[in-house]
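Below is one structure, written out as structure tokens, with a few remarks after it.
The values are calculated or read from the model by the stated rules, or taken from the named source; none is laboratory data. Note that the coordinates shown come from a computational prediction; the quantities given were computed from them, not determined experimentally. Positions of Cβ are generated from backbone atoms using ideal geometry, with glycine treated the same way; all protein chains shown enter the neighbour counts.
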Amino acid sequence: MGYEVDMAKELVKDLDGDVEAEFVEMSFGSILESLNSDRIDVAMHSLSETPERAEQYDFTVPYFDKVWGIIVTENSDIQTLDDLDGKRAAQSVSTSSGQEAEELGGELVPIDDVDEAVKLITEDRADFYLGSDVGQQDYLDKQPEPLPVRVLDETVQDVPASLVVPKGSDELREALNESIIENTEDGTLAEIYDEYLGMDKSIEDFDQYLDEDE
């Protein structure tokens with residue numbers, strides 16, 4: 001997304017030496033693999049740390065507060081998170097959003113993308129779709145005509161997004177940590193988020209994400 005490009009340009013300014021961000025476009029599924037093949041030095045695509053990923057890669061402190069939003073039909077009887085228990089969840093299988101939907105009691109109905117999820121919901125073949133609040137709002141705003149759906153007032157906190165570097169890249173990771181914290185505390189990232197998203201997704205407290213020696 002555009003905000004991540006501007007973020008990357010700001011973050012590298014604080015790295016030692018004459019460093020410029022060079023962007024390599026690729027599919028989501030190949031991003032982490034490209035770290036292993038040295039095609040890229042840093043992965044940046046709203047990636048959250050998981051135990052499985054942490055075994056293979058190193059993660060910086062987070063830079064983006066991720067929240068799950070929930071889409072239902074306009075006339076749905078779902079009003080709160082408690083109402084999701086036993087409902088049909090239109091989700092991609094084996095994803096963090098799908099896992100979260102299951103933890104909330106949802107029964108997964110496999111989908112490939114948000115278009116299919118909304119289609120199933122409006123056709124009463126699924127009851128809700130859980131996904132990034134930013135992505136959902138962007139999707140709904142881009143529709144030529146308003147869809148017969150609404151977003152619940154309640155949201156679900158997700159693991160925030162971090163930059164990902166190859167395992168053992170301690171010097172690079174620590175330098176990026178310093179840059180993320182500095183650009184967060186001076187408001188630079190908040191300005192970028194507001195420009196692109198109309199909301200501040202900055203991290204408020206980094207202490208829980210820092211190693212004791214940092």
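List every residue pair whose Cβ atoms sit under 6 Å apart, with the two residues 6 or more apart in sequence or on different chains, where the first one lies in the range 16-36 and is touching a residue at least 12 places away in the same chain (Cβ under 8 Å) and the second, anywhere, is surrounded by fewer than 12 Cβ atoms within 10 Å (Cβ to Cβ) and assigned to a loop (DSSP other than H, G, I, E, B).
none
On the given criteria, is Ile71 over 15 Å from the mean Cα position of the chain (by Cα) and within 29 Å of Leu210 (Cβ to Cβ)?
No; evaluated as a whole, the condition is false for this residue.
May I ask you to verify whether Leu15 is surrounded by 14 or more Cβ atoms within 10 Å (Cβ to Cβ) and either hydroxyl-bearing (Ser, Thr, Tyr) or more than 17 Å from Ala161 (Cβ to Cβ) (or both)?
yes
Can you tell me which residue in the range 27-51 is surrounded by the most Cβ atoms within 10 Å (Cβ to Cβ), limited to those that are under 15 Å from the mean Cα position of the chain (by Cα) and part of a loop (DSSP other than H, G, I, E, B)?
Applying the filter and picking the extreme gives Glu49.
Pairs, please: C-beta under 7 Å, at least 6 apart or cross-chain, first residue in contact (Cβ under 8 Å) with a residue 60 or more places away in the chain and in the range 1-12, second assigned to a helix (DSSP H, G or I) and surrounded by fewer than 16 Cβ atoms within 10 Å (Cβ to Cβ)?
Close Cβ pairs (under 7 Å, with a partner that is assigned to a helix (DSSP H, G or I) and surrounded by fewer than 16 Cβ atoms within 10 Å (Cβ to Cβ)) do not exist here.
Check whether at least one residue in the range 146-155 is within 16 Å of Arg53 (Cα to Cα) and at pLDDT below 95, and report yes or no.
no
Mind counting the residues in the range 52-68 that are over 29 Å from Ala117 (Cβ atoms), within 15 Å of the chain's Cα centre (by Cα) and surrounded by fewer than 20 Cβ atoms within 10 Å (Cβ to Cβ)?
Of the residues in the range 52-68, 0 are over 29 Å from Ala117 (Cβ atoms), within 15 Å of the chain's Cα centre (by Cα) and surrounded by fewer than 20 Cβ atoms within 10 Å (Cβ to Cβ).
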